[in-house]
Amino acid sequence: MASVPMLAAGLGLAQPAPPPAAAAAARLPTRAPATAGQRELGIGFVDGVLTAKVCVQPGCSIADGVSISLPPDADPRAAALNVVRIAKDRHVVHVVVPRASHAGTWEGVFAAPLVGTAVRRVFAGETGFIRGQDGLRSGPMVVVSEADAEGVRRVVVGEQREDISLCGRPTVISPELLVPSDLQLKPALVQRLSVAERSAAPKLVARRALADDPPPATGLLRAVAATSAIGDPRALSDGDPETAWAENRTGPGRGEFAVLHAPPTIPLTGLEIVSRPPSTSRPAGSGPKVLWVATERQLFEVTFAEDPFAEAGSRYEVEFPEPVTTDCVALVTDSAFDARPSAEVTIAEVAARSALTGARPESLATRLQGGDANAEAAAGMLRSLGDPGYAAVAQVFASLDEGGRRVALDVMDQAPCALGAPVFVKALRGPYQAQRDHAKVRLLRCGASAGPALIGALDGANHAEVLALEDLLAVVAPAEAVRSLVPRLRGGTAPHRQGLRVELARAAAAPMARTAVLAALADPTLPEDSAVDLVRALGTLLPKFQPAAGRAFARLARREAKLRTRYLLAEATAALAPSDASARAWLSWTIAHDPHPQVRARFAEAIAVPNPFERDLIGALKDESVRVRLAALETLVRGPSPNVARPVAERLRRDSWPMVRAAAATVIAVAPADPELDRVLVAAIRDRSPLVRVPVIVAIGMRRAVDAAPLVRKRLTDRDEDVSVRSAAASALGELCDTAAIEPLTRLARRFADSQDQSADRRVAPAAVAALGKLHPGDLRERLAPLLAKDAPPAAREAAQSALATPARCGAPR
């Protein structure tokens, strides 16, 4: 490898902005002094533009110097310009300019050249995390070292990455050192650890492990990144000593490091390091002589008394002075036993030791009890053991208390679903809501692999547990849910069967459940009650399962079938009738001829779209049962055609039941335009029942039957009329744009302002206010002024404001 300069001093971040006095001075040019080998460099802001000039004579004006472009949002007022001495007779100026609208910074390193008068731009540009997505951002970095005894600093330019740091310490990647002899940036070995931290680090000695020393727990550490690498850095913690990581810089690669994640709940007592693979050849490999072990808050200097690379597969132990709790461990190379430039400092495996190292999985699992810090430590060890650890947790889960179960579920989150699902099912059936929620999320993530555990838990489960299990099964394994739900339809209470039907419908909607649904529909041995619940559950899905659905329906739709069966087939019949002749015939026969009015009415109201069944519904309008007639009208209101107008009008004129006449008026309200229907409504204004007069007047307003306005007005002003009818009249007059009603509506509306008024007129007032809003006369604000007064009731003010905000729609005089 080519020789690479070594920066021995620890690095600090780019220099901060100067204190106030220096900041003020920064408005004048900053000058790097002339020396025997370098001219003076003047740099500063001229009319807000960063300008630099090499001075032939010291103290020259920089006004005619070179302009240096900055980002538009750069803030010159906060700029810091610092002279950095990089050798006895070499200087550069480090410029830092914050950006007003950006998290990054603009930086530059400038120098007078060794020859000539052209300003030397060592680096100029944005720095900070300026590229990539959160968590993976990167960008340039300028680092100025601490000063040595002679005041000399080192300038390094490189990259920084958000996902790589020396356990929280700012880290420069791919560093290049500014070499004083030629003012060029060249690849360098950089020690990222500061002198002060290294000086204070406890000194540890790595001792060779004995043959009978128990191995450490694999999996506690997980290598994630390295500053340079020969091979994959993840080889450090893959549990295979034949794979290895080596730094990829000259000689000992001083300052190169690898980062490993550690479980933050486990106090680590030390490390075990294997340098040389047992059999894999590494011709250029070398064992570390000194390396640094860094955590978030601690640093240790580790010395190997003998070359750990000398004997293949040899293990070396490093014992910490006291247990260390951290989520990050970094190995930083410093020196090697092999001093050749081509040497590669190699580490095949690194593993962590803890006080729980060597404990059996079963023992660790019992330590989860209580859910305290000791339980968290045991949980970390169990995770590191992999499948044996997960199996141990599954074995003891039912015996743990609430805290222990909570920690156990966190462990099982990392387990394969085949091992984790049975534990999550136990939690789903457990007494703790938060854990039930946790388990539900995890089982859903497991998908189909959670099916066996869910099915296995159904036996012996109570009704609530069955529904919770089937709710998940319908999502992760819908075919299995259908197969397990259908047999459970037999017996049980009505609420129990209703819950099962809901889950069955959810499962059946999945394409994967089709075969199972078809098999259930074709099963001739299914009891009648269960078969009825099956088709009820499928409901509107039934046409998707033809012809099997039609055949299953035909087995049930018999005139001699019991009342319960006939009644409960209503929705299934309505769903199949549009596409199945047998169901269509059954619907017609039942509405007209079933001996029980409850069944006839249920079939009439089950029809979702009335038009295809208008003939049957019109026939039902003459049924002797008021319940059937009412059901037919309530269905027709969903979309009446001209064909139903006259039969419905006949019900409004002649039916003896007020609720039927009222329902007929509601149908007429949405029926197609027909003057004859309007005349029927006008006549019905005089109906003897207020229950009928209200929907009649509402229908008049909806149909814009303006000829009826005088009669409606009389109902509004008739103080002997029912309040509900008068309120309906007020609303209808607004719909009819009856300007003759403005005055009586105003008188009624103003009654709203008196909170002490207990009269019927005040109860009509809200409807009157709303009607005035629809009419919207030009003086509406004046008419509603009493309602807008500060002392008016809040409800009155709100109603008045709403009326004023209503767009004009009637063309009333403005």
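The values are calculated or read from the model by the stated rules, or taken from the named source; none is laboratory data. What you are looking at is a predicted structure, and each value in this text was computed from that prediction instead of being measured. Because the Cβ atoms are built from the backbone with ideal geometry, glycine has one as well, and the counts that use them run over all protein chains shown. Ligands, DNA and RNA are excluded from the accessible area calculation, which covers all protein heavy atoms including side chains. Shrake-Rupley method; radii C 1.70, N 1.55, O 1.52, S 1.80 Å.
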Note to self: Can you give me the angle between helix 528-538 and the longest principal axis of the chain, using Cα atoms only, in degrees from 0 to 90, rounded to the nearest 10?
What the structure shows: 60 degrees
Note to self: If I stretch the segment between residue 211 and residue 785 completely, what's the gain in nm (0.36 nm per residue apart, minus their alpha carbon distance), one decimal?
What the structure shows: 196.8 nm
Checklist line | Area accessible to solvent at residue 169, 1.4 Å probe radius, in Å² | finding: 30 Å²
Check: Taking amide H positions as placed 1.01 Å from N in the peptide plane, with prolines and chain starts having none, which residues 5 or more places from residue 268, or on another chain, fall under 5 Å of its amide H?
Finding: 324, 325, 326
Margin query: Leaving ligands and nucleic acids out of the surface, order 724, 286 by accessible area at 1.4 Å, largest first.
Written below: 724, 286
Check: Taking square-rooted eigenvalues a ≥ b ≥ c of the alpha carbon gyration tensor, is the stretch 140-226 rounded, prolate or oblate, where a/c under 1.5 means rounded and, failing that, a/b exceeding b/c means prolate?
Finding: prolate
Note to self: Heavy atoms of the protein only, probe of 1.4 Å, neighbouring chains included. What is the accessible area of residue 390 in Å², nearest 10?
What the structure shows: 20 Å²
Item checked: Whole-percent carbon and sulfur share, accessible surface of the stretch 582-646, 1.4 Å -> 51 percent
Next item on the list: Pull up all non-local amide H partners of residue 106: gap of 5 or more, or a different chain, and H-to-H distance under 5 Å with H placed in the peptide plane.
Entry: 97, 99, 127
Checklist line | Exposure rank, largest accessible area first [514, 297; 1.4 Å] | finding: 297, 514
Next item on the list: List, in order, the whole-Hz ³J(HN,Hα) value for each residue of the stretch 385-398 obtained from phi through the Karplus relation with A = 6.51, B = -1.76, C = 1.60 and θ = phi - 60°; use x for Gly and Pro.
Entry: 7, x, 4, x, x, 5, 5, 5, 5, 4, 5, 9, 3, 4
Next item on the list: May I ask for the angle, rounded to the nearest 10°, between helix 658-669 and the longest principal axis of the chain, with both axes built from Cα atoms and the value confined to 0 to 90°?
Entry: 60 degrees
Next item on the list: Starting from the Cα of residue 544, draw a straight line to each of the aspartates and glutamates and keep only those under 20 Å, dropping any in the same chain fewer than 8 residues away.
Entry: 480, 503, 523, 533, 571, 580
Next item on the list: Kindly identify the stretch 459-554 as rounded, prolate or oblate by the Cα gyration tensor criterion: order the square roots of the eigenvalues as a ≥ b ≥ c, call it rounded if a/c is under 1.5, otherwise compare a/b with b/c, prolate if a/b is larger, else oblate.
Entry: oblate
Next item on the list: Compute the label zone of residue 312 within the stretch 256-288: residues whose backbone N is under 11 Å from the point 7 Å along Cα-to-Cβ.
Entry: 277-282
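Please compute the contact order of the chain in relative form: average sequence separation of alpha-carbon pairs under 8 Å and at least six residues apart, divided by the residue count, as a percent. Please report the intermediate quantities before stating the final value.
Values: 1703 pairs, mean separation 43.3, N = 814.
About 5 percent, as a whole number.
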Checklist line | the stretch 625-636 - phi-based ³J(HN,Hα) in whole Hz, Karplus 6.51/-1.76/1.60, Gly and Pro as x | finding: 8, 4, 4, 5, 4, 5, 4, 5, 5, 5, 7, 4
Check: So what is log10(I(q)/I(0)) for the chain at q = 0.10 1/Å, when the Debye sum runs over its Cα atoms only?
Finding: -1.03
Item checked: Largest to smallest accessible area among 39, 436 [probe 1.4 Å] -> 39, 436
Next item on the list: Note the direction-averaged projected area, equal to a quarter of the hull surface, for the Cα convex hull of the stretch 49-96, in nm².
Entry: 4.2 nm²
Check: Roughly how many percent of the accessible protein surface of the stretch 227-314 is carbon and sulfur, given a 1.4 Å probe and a whole-percent answer?
Finding: 50 percent
Check: Pairs 88/203; 186/289; 440/562; 53/88: which exceed 32 Å Cα-Cα?
Finding: 88/203; 440/562
Checklist line | Accessible area of the chain divided out per residue, in Å², using a probe of 1.4 angstrom | finding: 44 Å²
Notebook entry, point to check: How far is helix 402-412 tilted, in degrees, relative to the longest principal axis of the Cα atoms in the chain, given as a value from 0 to 90 rounded to the nearest 10?
Noted result: 70 degrees
Note to self: Could you work out the percent of alpha carbon pairs in the stretch 566-656 separated by over 15 Å, rounded to a whole number?
What the structure shows: 52 percent
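Quick one: which of 622/714; 714/774; 714/790 span more than 24 angstrom between C-alpha atoms? Please list the in-between numbers first.
Details: 622/714 34 Å; 714/774 19 Å; 714/790 33 Å.
Checking Cα-Cα distances, 622/714; 714/790 exceed 24 Å.
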Notebook entry, point to check: Stretch residue 555-residue 638 to full length: gain in nm at 0.36 nm per residue minus the Cα-Cα span?
Noted result: 26.8 nm
